[in-house]
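The values are calculated or read from the model by the stated rules, or taken from the named source; none is laboratory data. All values derive from a computational prediction rather than experimental measurement. Counting neighbours? That spans all protein chains shown, and the Cβs are built from the backbone with ideal geometry, glycine included. These accessible areas exclude ligands, DNA and RNA; they are computed on the full protein's heavy atoms, side chains included. Shrake-Rupley method; radii C 1.70, N 1.55, O 1.52, S 1.80 Å.
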Amino acid sequence: MRVYLDEKGFETALSPANTVWELLEEVRGSLCGTNRLVMEIHADGRDITASDYTQVLEKAVDSFERYDFTTGEPRQVVCDALTDCMSLLDASDAKRSETIDLFTKGEGDKGAEMLGECCRAWQKVHEGIRDAMGLLKLGPADITIEGEAFAETLNNVRDQFGQIREALQARDFVLISDVLQYEFDPIIDNWRTTIEMLIEHARA
């Protein structure tokens, strides 16, 4: 078994009986005091930080012949991830308009399908913001948008998603269109503002 950290050989003290998770922890431990984090893990050329990440970590470490760990500086990682979040937010906002149009035309099934795509994108944006705040050691109370704590913004998002879920169950497409059209603008704006603030904080 060969292990590389940023393309340099890494000596591991683990035995074949250990798990991939234990190898990851060993690599992370070697980074203490370096201000770097493990950002990517490839096993035999395959990116294992995908959907089956948890299952792979439970495997025996000798399940793969070669591991490549790539690290990054947290603040740069935050900036890159949040830039991707902003692009995803812009793309999903365009889909939001298409979704409203489909529901308005009475094409409920197509609208619901596109709404699902929007919701998955918004979930990723939300997770990206949350992870960035964690890396920057910021809590919800540390971010204020027009005098409102970010925690309150998160509550508002949950309320709107709750409305949409109930309207979908009732197939009330008129209500969904209204929520998307009139109540999501401030939420999208707040996400954009938060992303911009976090990027500025990371670069400071």
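What's the Kirkwood radius of segment 163-204 in Å, using all Cα pairs?
Result for segment 163-204 stands at 11.9 Å.
Using only Cα atoms, tell me the angle between helix 185-203 and the longest principal axis of the chain; keep it within 0 to 90° and round to the nearest 10.
The helix 185-203 is inclined about 30 degrees to the chain.
Relative to the longest principal Cα axis of the chain, at what angle does helix 150-169 sit, 0 to 90 degrees, rounded to 10?
60
Nearest 10 degrees is fine. How inclined is helix 108-135 to the longest principal axis of the chain, computing both from alpha carbons?
So the inclination is approximately 50 degrees.
Label segment 38-100 by shape, choosing from rounded, prolate and oblate, from the square roots a ≥ b ≥ c of the eigenvalues of the Cα gyration tensor; if a/c is under 1.5 it is rounded, and otherwise prolate applies when a/b is larger than b/c, oblate when it is not.
It comes out oblate by the Cα gyration axes.
At 7 Å along Cα-to-Cβ for each site, give me the label-to-label distance between Thr193 and Glu73 in nm.
3.0
For segment 60-149, what does the accessible surface come to per residue with a 1.4 Å probe? Please give it in Å².
For segment 60-149, the per-residue accessible area is 52 Å².
Can you check what the net charge comes to around Ser63, using other residues whose Cβ is under 12 Å from the Cβ of Ser63 (Lys, Arg +1; Asp, Glu -1)?
Net local charge, Ser63 excluded: -1.
Direction-averaged shadow area of the convex hull around the Cα atoms of the chain, nm²?
13.7
Tell me the carbon and sulfur percent of the accessible area for segment 35-182, rounded to whole percent, probe radius 1.4 Å.
Whole-percent figure for carbon plus sulfur exposure: 48.
For Lys105, give me every one of the lysines with a C-alpha distance below 21 angstrom, ignoring sequence neighbours fewer than eight places off in its own chain.
By straight Cα distance, Lys105 reaches Lys95.
Just to be sure I understand the model, the point goes 7 Å from the Cα along the line to the Cβ. What's the resulting Lys59 to Glu107 distance in nm?
In this crude spin-label approximation the distance works out to 4.2 nm.
Students often forget the sequence filter, so: which lysines lie under 22 Å Cα-Cα from Lys137 once same-chain residues fewer than 8 apart are removed?
Counting by Cα, and skipping residues close in sequence, Lys137 has these lysines nearby: Lys124.
So for the chain, averaging the separation of alpha carbon pairs under 8 Å that are six or more residues apart and normalising by length, what relative contact order in percent results?
RCO, the chain: 21 percent.
For His42 and Glu98, FRET efficiency with R0 = 45 Å and r from the beta-carbon atoms, rounded to 0.05?
The formula returns an efficiency of 0.80 here.
Provide, as a two-decimal number, the C-alpha radius of gyration of segment 1-69 over 2.2 N^0.38 Å, N being how many residues it has.
Against the empirical 2.2 N^0.38 Å value, I get 1.02 for segment 1-69.
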